[in-house]
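Just below is one structure, and these are the notes that go with it.
The values are calculated or read from the model by the stated rules, or taken from the named source; none is laboratory data. None of these values were measured; they are calculated from a predicted model. Here Cβ is always computed from backbone atoms with ideal geometry, including for glycine, and neighbour counts include all displayed protein chains. Accessible surface is based on the protein model in full, side chains and every heavy atom, while ligands, DNA and RNA are left aside. Shrake-Rupley method; radii C 1.70, N 1.55, O 1.52, S 1.80 Å.
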Amino acid sequence: MPVGTVAAFWAVSLMFVVTPGADWAYAITAGLRHRTVLPAVGGLLAGHLAATALVAAGVAALVARSPLVMTALTVAGAAYLVWLGIGMLARPAAPQAGAEQAATSWARQMVKGAGISGLNPKVFLLFLALLPQFTDPDAGWPLAVQIVALGLVHVASCAVVYTGVGAGARRVLRARPAAARTVSRFSGAAMVVIGVLLLVEQLVG
């Protein structure tokens, strides 16, 4: 693939990644709640990888054209975000000396992260609209391979940004429990708002 095409896609993709949303909220909470953000970020990345694979396989296009499936996906994703957000509001995370919040297993953190990104219909629709525009049917690489390659570029950006966000939140807020709880509550509120907006958009649409 031409380097210019990959660079152009990376620039557009990065704008999406650096925009705060549910992924950011979960990365921040993981940074405040756990010893490391890697399991949570790994789960978020798994969701984006799954979206890439579905677009490459053409499944996402079929899902986008099916109102019933899209409605079910939107409702499930929105409900999941609202549920997580309410939990964060009720139990805001904050680093505590000598009492690391390690009760949640790595596997559970990954599953939760994958659910947040994997159940987000906006991710599928964004990939469906974004990835094909940077592919070339006449190129030497098969179309599916081009989509996967671009998807990996996107996932690499996600890995850097989300890890930085989570680790940065932990480092900056480690000695500020009150501020950490405020940020955690804000992240939970953001998840609830995103989930409600998804539901409202689906109902209005």
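For the chain, relative contact order (Cα pairs under 8 Å, six or more residues apart, normalised by length) works out to 44 percent. For the stretch 32-83, the pair-distance distribution built from all alpha carbon pairs, in bins 10 Å wide starting at 0, is 22, 37, 30, 11, 0 percent. Could you give the distance between the Cα centres of the stretch 149-185 and the stretch 1-54, to the whole Å? Between the Cα centres of the stretch 149-185 and the stretch 1-54 lies a distance of 10 Å. Summarising the label geometry, the points placed 7 Å from Cα in the beta-carbon direction at F16 and E201 lie 1.2 nm from one another.
The radius of gyration of the Cα set in the stretch 2-47, together with its Dmax, comes out at 13.5, 42 angstrom. Taking the helices alone, the chain has a mean residue ellipticity at 222 nm of -26000 deg cm²/dmol, built from -39,500 (n - 2.57) per DSSP H run of at least 4 residues and averaged over all its residues. Largest GNM mean-square fluctuation among T74, T19, T52, using the chain with Cα springs under 10 Å: T19.
Axis of helix 3-17 versus longest Cα principal axis of the chain: the two differ by about 40°, to the nearest ten degrees. For the chain, the share of accessible area belonging to carbon and sulfur comes to 72 percent (1.4 Å probe, ligands and nucleic acids excluded).
Any chance you could give the angle, 0 to 90 degrees and rounded to 10, that helix 22-33 forms with the longest Cα principal axis of the chain? Once rounded, one gets 30 degrees.
Distance distribution P(r), the chain, all Cα-Cα pairs, bin width 5 angstrom from 0: 1, 8, 15, 19, 18, 15, 11, 7, 4, 2, 0, 0 percent.
Largest GNM mean-square fluctuation among V55, V18, V111, using the chain with Cα springs under 10 Å: V18. Placing +1 on each Lys and Arg Cβ and -1 on each Asp and Glu Cβ, with no other charges, gives the chain a dipole about its Cα centre of roughly 960 debye. Using a Gaussian network model of the chain in which every pair of alpha carbons under 10 angstrom is joined by a spring, one finds that among P132, P92, P67 the greatest mean-square fluctuation is at P67.
The modelled label-to-label distance between A53 and R91, using points 7 Å beyond Cα along the C-beta direction, is 3.0 nm.
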